[in-house]
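Here is the structure we will look at.
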Amino acid sequence: MKRRGGIVAVLGWIVAVGTAVADDWPSFANDIEGSQYSPLAQLTPANVAGLERAWVHRSGDFIADTTSFQVTPIHANGLLYYCTPMNRVFALDPVTGEERWVFDPHSSQSPGGKPVTDEERRPSTCRGVAYWASEDEGACARRVFRTSGLGHVYAIDADTGRACADFGAGKGHPGYVSQYDFEAYGEGFRGAGSPPLVIGDVVVAPSGSNDGLTNAADGVVRGFDVRSGELLWTFNPIPEGLRDKTGAANVWTTMSGDAANGLVFLPTTSPSTDYYGGGRLFDIPLSDAVVALNALTGEIAWSFQTVRHDLFDYDLPGHALLVTIRKDGAPRDVAIQQTKMGYLYVFDRLTGEPIFPIEEMDVPASDLPDEVAAPTQPISPGIAAFSGQLLERDSLFGITPLDRAWCRAEFDKMRYEGMYTPPSTQGTLLFPSALGGGNWGGAAFDAKRNLLIIKAENLATRLKFLPKDTESDAPPDYLTRPLEGTPYRTEGEIFMSPLGIPCTPPPWGTLSAIDMDSGNLVWQIPLGQIKRFGITVPKSFGWGSPNVGGPILTGGGLIFVAATLDEKIRALDIETGDELWQADLPITATAMPMTYQGEDGRQYVVIAAGGTGRIGTGSSDHVIAFALPK
């Protein structure tokens, strides 16, 4: 079994090497800097069409039409590791897909194991795990860490699958630490779905929040010692003295880290409640912000707020890519932050200085009597927008004249003054929507070509405030919410015609390449196809597909991406965006793929195809590996 755990001394402290070994994929995005790039080059535009299914693993951990399976496995220590929606972690043989071990935190074999309650077994999202290795040998010298919907962070022996009994023992529950051991500064759950980040000997763990509560639990991020689980630091995005008035501003997505400079980068969300800010009319500068922290102390190095007084659920949907671009003839170490608004913000990694200009744009005022919208919002006009940002009445889509007429009539009923039009009792059109623009897993960087590859979703939504005492039959989702503690509730939906076709003009999903020197768009293609009335719409229509998931890049000049609703994974040419290969999947893959080289010498591409029940894709548990024939 291969084991790698080299460490180097940097800035007076011990950090794990941030750059991945070439044939591994040891972190969610391969390297902790978040590039979503592998140097492996066995697969090329010339041979990728020969990819075939190598193995399939199924855990059995899913509930039909309910669970979400968005995990990206990691490859380290000679094994493939992934987590399931039912709180388990699997270690697989990377060449055969056979199980090596299974970790179940509720098993009697785990320290503190006890009978399983329904609450503990309830499904939750787990998007990945993290890996740490020391130079020592013996039990738990190599560890896998995972967060959970229960608010815990588990430490697992990477060799055996047994719980690491030293981790969390000081709090009386050996094998895990818990956000519930510490102050929440609010109400509601604290579980997390995205993986922790390991940087050196610190495991950084976010906590979740119910952003439909006025005083939700604050979006606290904590740093723990990787061996003992001892709390090292706490970061709270809500200003002291205001923590009983609002909450959230948490990290729901992935984080990134700069090991050489000892920095952790957090992408934070909107404060609670979403869409209504009448109870939080004060500055919360660390919400909707890129926040760079000292990884040893949790102290803020710099931050930048991308949305002020967020009324749109425009939280940051992915980690900052900590990469080296070529700009004006010189290398620059930067942090590239995608947004739901289609803007890219690019900063000097150490100082937060903008690399591309940032300007202020006047935006519409709120018409609610107890709300005050921010008068301006920051925009990034020096680099190409990667998604649609303006919807015009005459461009509204329909497959028949009646469809288009219906969409225009409904458009005329809503308030819409461009991006950042606040929600209203009249009903507001939101474009981009809270789905993005940019969203989960969205961007990858190729340093050789100086190209950022990023996917986008283009779907307008409509949202309306209603008095709290009015009845509603609509099930709660990201647009329809009770907004507890406010005078209102919201009802919303994707803006679609009676035929179930989006009124937003296509393409509804795209993949783009952006030159990081000029900031210009190199190419943009519709991504995926959709099915309607049992028919797959031809690719030539250029409609694309709504998407959840993201791309990865390889040294062979390829993009691998699934994400689309047509239940496929694709390989594209990074130079042109041309499709070179596709494979059918048993269900939509709302996840990011990964790649590694097996001990048999073959390059594998792995995707978790399990759907997301809440968006109507169905649910399953397939982990599928592809490789060239032996």
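Annotations
- Spatially proximal lysines relative to residue 531 (Cα-Cα < 18 Å; intrachain offsets below 8 disregarded): 539, 568
- Over the chain, relative contact order from alpha-carbon pairs under 8 Å, at least 6 apart, %: 14 percent
- Under-5 Å amide H pairs with residue 238, H placed in peptide plane, nonlocal only: 219
- Peptides 145-156, 504-515 ranked from most to least packed by the mean count of surrounding Cβ atoms within 10 Å: 145-156, 504-515.
- For percent of Cα pairs over 47 Å apart, the candidate list reads [x] 15; [y] 34; [z] 9; the entry that matches the value derived from this model is [z].
- Between the listed residues 304, 439, 577, the Cα displaced farthest toward the positive end of the dipole of the chain, a dipole computed from Cβ unit charges relative to the Cα centre, is found at 577.
- For the stretch 456-567, relative contact order (Cα pairs under 8 Å, six or more residues apart, normalised by length) works out to 21 percent.
- Residue 65-residue 326 pseudo-label distance in nm [points 7 Å out on the Cα-to-Cβ vector]: 5.4 nm
- Extension gain, residue 472-residue 106: 0.36 nm per intervening residue step, less the Cα-Cα distance, totals 127.9 nm.
- Taking packing as the residue-averaged number of other Cβ atoms within 10 angstrom, the listed peptides 202-213, 484-495, 253-264 run from highest to lowest as 202-213, 253-264, 484-495.
- Going by neighbour counts of Cβ atoms within 10 Å, the residues 173, 57 line up, fewest first, as 173, 57.
- Spatial offset of the stretch 261-297 relative to the stretch 367-412 amounts to 26 Å, using the alpha carbon center of each.
- Close amide H contacts of residue 263 (hydrogens built in the peptide plane, cut-off under 5 Å, sequence separation of 5 or more or a different chain): 258, 295.
- ³J(HN,Hα) computed for each position of the stretch 273-286 - Karplus, 6.51 cos²θ - 1.76 cosθ + 1.60, integer Hz, glycine/proline x: 8, 4, 6, 10, x, x, x, 9, 7, 8, 6, 10, x, 9
- Working note: Karplus 6.51/-1.76/1.60 with θ = phi - 60° gives the stretch 440-448 the couplings 3, x, x, 9, 9, 10, 10, 5, 4 Hz, where Gly and Pro are set to x.
- Multiplying each eigenvalue of the alpha-carbon gyration tensor of the stretch 303-351 by 5 and taking the square root yields semi-axes of 24, 10, 9 Å, largest first, rounded to whole angstroms.
- Among 243-252, 220-229, 594-603, 98-107, the order from most to least packed when residues are scored by Cβ within 10 Å on average: 243-252, 220-229, 594-603, 98-107
- Modelled FRET efficiency - R0 25 Å, residue 535 with residue 41, Cβ distances, 0.05 increments: 0.05
- Cα centroid of the stretch 515-541 to Cα centroid of the stretch 208-239, whole Å: 38 Å
- For 319, 622, 75, order by how many other beta-carbon atoms lie within 10 Å, fewest first: 622, 75, 319
- In this label model, residue 600 and residue 351 are separated by 5.2 nm, measuring between points 7 Å along each Cα→Cβ vector.
- Estimated translational diffusion coefficient (Stokes-Einstein, Kirkwood radius over Cα pairs, 25 °C, 0.890 mPa s) of the stretch 560-602: 212 µm² per second.
- 16 Å cut-off, amide nitrogen to a point 7 angstrom out along residue 425 Cα→Cβ, residues in the stretch 458-473: 464-471
- Amide H to amide H distances under 5 Å link residue 420 with 431, where only residues 5 or more positions off or on other chains count and H is placed in the peptide plane.
Read-outs: derived from the displayed coordinates by stated rules, not from any lab. Remember, predicted model here, so these are calculated numbers, not experimental data. Positions of Cβ are generated from backbone atoms using ideal geometry, with glycine treated the same way; all protein chains shown enter the neighbour counts.
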